[in-house]
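The values are calculated or read from the model by the stated rules, or taken from the named source; none is laboratory data. Fair warning: this is a prediction, and the values are worked out from it, not measured in the lab. We place every Cβ from the backbone using ideal geometry, glycine too, and count neighbours over all the protein chains shown.
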Amino acid sequence: MQFEDSRHFAESLDQDDPLARWRAEFNFPLERNGYAPVYLCGNSLGLQPKRAVRFVEEELGNWRDYAVDGHFHSGRPWVSYHRQASAGFAELTGSRKREVVAMNTLTVNLHVLMASFYKPTQARFKILIESQAFPSDRYAAVSQLRMHGFDPDEGLLEWTPGDDGLLHTRDLEALLQRAGDSVALLLLPGVQYYSGQVLDMAAICELGRAAGSAVGLDLAHAIGNVEMALHDWAPDFAAWCTYKYLNSGPGAVSGAFVHERHLSPDNLDQLHGWWGNDEATRFRMAKTFIPAAGAEVWQMSNPPILALAPVIASLQMFREVGMPALVAKSAQLTGYLSWLIDNRFAGRVESITPAANRGCQLSLVVQDGCTDPRGLFEGLCERNVTGDWREPDVIRVAPAPFYNSFSDVFEFAERLEDALNAPAA
């Protein structure tokens, strides 16, 4: 597409956008300082779907009307409520329904799954992460090493970016070859949170298998953003949050994936709890654990219904639209944003997100001798632009195809120029 730097052009793209009607299905932040909101922070917290409000209110009503009987007799019975997420999670991750389950929160799920898949020996004990891993993933890996009696300085292996700031699978392959048989687990993201680079997840899984290592993926920035094929790629496990591109609200219930090859009913290598017991026998209160089918055996507690209701609402919306349509619009939105940055701010602002491997997010760095990039970010905030800041000098912006428009992208460029040209305080 031939882009143009004009409001009229952006508005014409919005008029032709087949997904434009979905914008009205979300609640936007308030006007501030005389500026309408430009919300480009779906990579951190998605906007509130109006449907999520309705779903939560329905469950509050079920609690009011049925009390404990809501577990069995409400419109979406609570005892099986987590299954309302299975089809949506499976579609978004390219999995089979029995391979996914809604439970816990992201880092809790990583620990729960590592309890099953991180099985170190004195010879094979290292955990491979990327050197700029999201802090929570690093904390989780370090604590797992310590709890198994290993020194994190020896047990943590880091995949570092190349000179271009990007992670290359050839470097991962070389790192694994040097490590020999010492790596027990690869714990890597689908999308690198800082740069926005979409990693080659299929290659990561293949390299991990070839090295004899378990493979776990953190899909926090990938789910609802890029298309995936977990069943075919065959990591051992994966986990994700739902409050970013899935628009399910702060702290909403997360999801987990366990590949089908690990789902034999004879496999009891999990931390067990009540909700991992087979539903048909759960309320007999027996002393013997009877495993639930599929990935549900990894559940421990009953899900928090009010925190899962927005997830169900959001997944319903994703199923109605379909990821192919969202990904197609995302490519146009982010492509237009990238073009505007290059066309209007060449030599002043640069995206460090690779054009060939990106989803919604662009990570922007100011290039023109700006001594106060944080001040520029605050200038955008004053103009009611919501992105987010990552030390030391990156402003992340992510136009989400569900609710962002091409006019949002154009308006961001306008306000960025205004903030760049504003006199220093």
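Just one residue in the set A10, A24, A20, A36 is closer than 27 Å to L340 by Cα and either among the polar types (S, T, N, Q) or in contact with an Asp or Glu (Cβ under 6 Å, 6 or more places away or on another chain) (or both); that residue is A20. Within 23 Å of the chain's Cα centre (by Cα) and either among the basic types (K, R) or surrounded by 13 or more Cβ atoms within 10 Å (Cβ to Cβ) (or both), is that true of P49? Criteria met by P49.
For region 120-235, list the strands (runs of 3 or more DSSP E) that sit wholly inside it and hold at least 1 residues that are under 30 Å from E350 (Cβ atoms) and among the acidic types (D, E); which are they? Give the derivation first.
Values: elements: 126-130, 156-159, 183-189, 214-218.
Per the criteria, 126-130, 156-159, 214-218.
Does at least one position in region 107-116 carry a residue that is assigned by TED's automatic domain parsing to the domain that holds A238, assigned to a loop (DSSP other than H, G, I, E, B) and not charged (D, E, K, R)? Checking region 107-116: not a single residue is assigned by TED's automatic domain parsing to the domain that holds A238, assigned to a loop (DSSP other than H, G, I, E, B) and not charged (D, E, K, R). In region 216-241, of all residues being farther than 15 Å from A400 by Cβ and aliphatic (A, V, I, L, M), the one that is farthest from the chain's Cα centre (by Cα) corresponds to A234.
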